[in-house]
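In what follows, a single structure is set out as structure tokens and then discussed.
What follows is calculated from the coordinates using simple rules that are stated; it is not laboratory data. On a predicted model such as this, the values are computed, not experimentally measured, just so you know. Backbone-built Cβ (ideal geometry, glycine too); neighbour counts: all protein chains shown.
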Amino acid sequence: MATTHREYIWEIPVRITHWINAISIVVLSVTGFYIGSPFWDSPNSDSVLPMALMRFIHFVAAYAFTASVLFRIYWMFVGNKYARWNQFIPLSTERIVNFIQCALFYGFMRKEIPHSPGHTAIAGVSYSIIFLIFLYEIASGFALLYVANGGGAIYNIGGGWLLRIMDLGTIRMLHHVFMWVIWIFVIIHVYISWHNDIIERNGLMSSIFSGYKFFGKHH
Ligand code: HEM
Ligand code: HEM
């Protein structure tokens, strides 16, 4: 397909929050994994390092992640049409049809992926689920901080309230389990993004850096 024009799809806030999330998830996972099962210990038993350092880095990344996720949710209501909340939850006929066509495509029952300048409807739904998981990671992280800190208004608002719904063990276990769920998502996400870039030749991979996608004349 010959490319005839390019279109600006992902605004700067969408791209910046995407990469802050991706980088902080890597940092949170490495440090979180260490917090859960310290794979190397301090040679000096009087020293609190490296656990103190790992926890500190975990919390710095956690605040960056929290700010980025909340800002992206705000942007779902003020951003361009490709960034809006209705791209994540398919309620219109057009999005429902797009969802079904995508499902048929991924099920090898349709030759072409439906034209979707922004997210496909299936990608949108998968991102809604991943955003809910992000929100759980934030709330449960703050619940753990609330306990570790022995209280605190901000920690309470951030997630201390979860302790009235679930017990501490479950909160911590799910905080850990969702780390793995996020990584399963990431593997599939990068594979599908790459795959769709190759079959559509629309610059999807570079679009999450540049903001632009490329389309042929029949679109
Ligand atoms: C921890 C790692 C990652 C996470 C959690 C993640 C998550 C997400 C999310 C939530 C979106 C939707 C963006 C929005 O509307 O705000 C998205 C879009 C996108 N991401 Fe990632 N991502 C990760 C890593 C990557 C990597 C490494 C690449 C490629 C090198 C990538 C390529 C893309 C592309 C091309 C899109 C737009 C695709 C579309 O139309 O659906 N992502 N990602
Ligand atoms: C994608 C995001 C995150 C991932 C993947 C992640 C991962 C982890 C993991 C694997 C653990 C160890 C759990 C265990 O096995 O016991 C942990 C602990 C913890 N995380 Fe996170 N985390 C994330 C976000 C957050 C956020 C946003 C906060 C909020 C402040 C947070 C605060 C904590 C706290 C307080 C602990 C326990 C530390 C301790 O008691 O020493 N995490 N995290």
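Rounded to two decimals, the Cα radius of gyration of the chain over 2.2 N^0.38 Å is 1.19. The mean sequence separation of alpha-carbon pairs under 8 Å and at least six residues apart, normalised by the residue count of the stretch 3-216, gives a relative contact order of 27 percent.
Springs between Cα atoms under 10 Å define the GNM used for the chain, and in it the highest mean-square fluctuation of Ile208, Ile187, Ile130 occurs at Ile187. For the stretch 86-157, trypsin sites (Lys or Arg not before Pro) are listed when DSSP marks them as loop and at most 14 other Cβ atoms sit within 10 Å of their Cβ; the list is Arg110, Lys111. Among Tyr146, Tyr34, a tally of other beta-carbon atoms within 10 Å of each Cβ gives an order, fewest to most, of Tyr34, Tyr146. As a proxy for reagent exposure, ranking Ile25, Ile12 by other Cβ atoms within 10 Å from fewest up yields Ile12, Ile25.
Cβ-to-Cβ counts within 10 Å put Thr120, Thr93 in ascending order as Thr93, Thr120, the fewest first. When the Gaussian network model of the chain links Cα atoms closer than 10 Å, the mean-square fluctuations of Thr31, Thr66, Thr170 top out at Thr170. Note on the chain: GNM, Cα springs under 10 Å; of Trp183, Trp40, Trp161, the largest mean-square fluctuation is that of Trp40.
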